[in-house]
Amino acid sequence: MNDEPKHTATLPVRVQLPKGQLLIDGQWRDSAVGATMLTTDPTTEAVITEVARATPADAEAAVLAASSAVVPFVRTGFSGF
């Protein structure tokens, strides 16, 4: 007789998410060239959603936006770090 406990696992229920975009300078946008890539659930390999694939131009835009936000942020006097 086998007295070992039986283990069962259930896979999570995933819902298809809307296409993702990049958040750059406070605006949601597609990649500069419209490139996308699929994001998959590693447990099932099912597609979860499609996301924007950032390009070097997108990265540059994000860095410029972040750089321009530094001085105004410092002027707020926030010291929570």
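The values are calculated or read from the model by the stated rules, or taken from the named source; none is laboratory data. Only a predicted model underlies this, so the values are computations on that prediction, with no experimental measurement involved. Positions of Cβ are generated from backbone atoms using ideal geometry, with glycine treated the same way; all protein chains shown enter the neighbour counts.
So which strands (runs of 3 or more DSSP E) stay within region 12-81 end to end and still have 1 or more residues that are modelled with pLDDT of 85 or more, surrounded by fewer than 12 Cβ atoms within 10 Å (Cβ to Cβ) and of a type in the set (Phe, Trp, Tyr)?
Values: elements: 22-24, 27-29, 36-40, 47-52.
Qualifying strands (runs of 3 or more DSSP E): 27-29.
Under 7 Å between Cβ atoms, which residue pairs at least 6 apart in sequence (or on different chains) link something in region 51-64 that is among the polar types (S, T, N, Q) with a partner that is surrounded by 15 or more Cβ atoms within 10 Å (Cβ to Cβ)?
Thr55/Ser31; Thr55/Ala32
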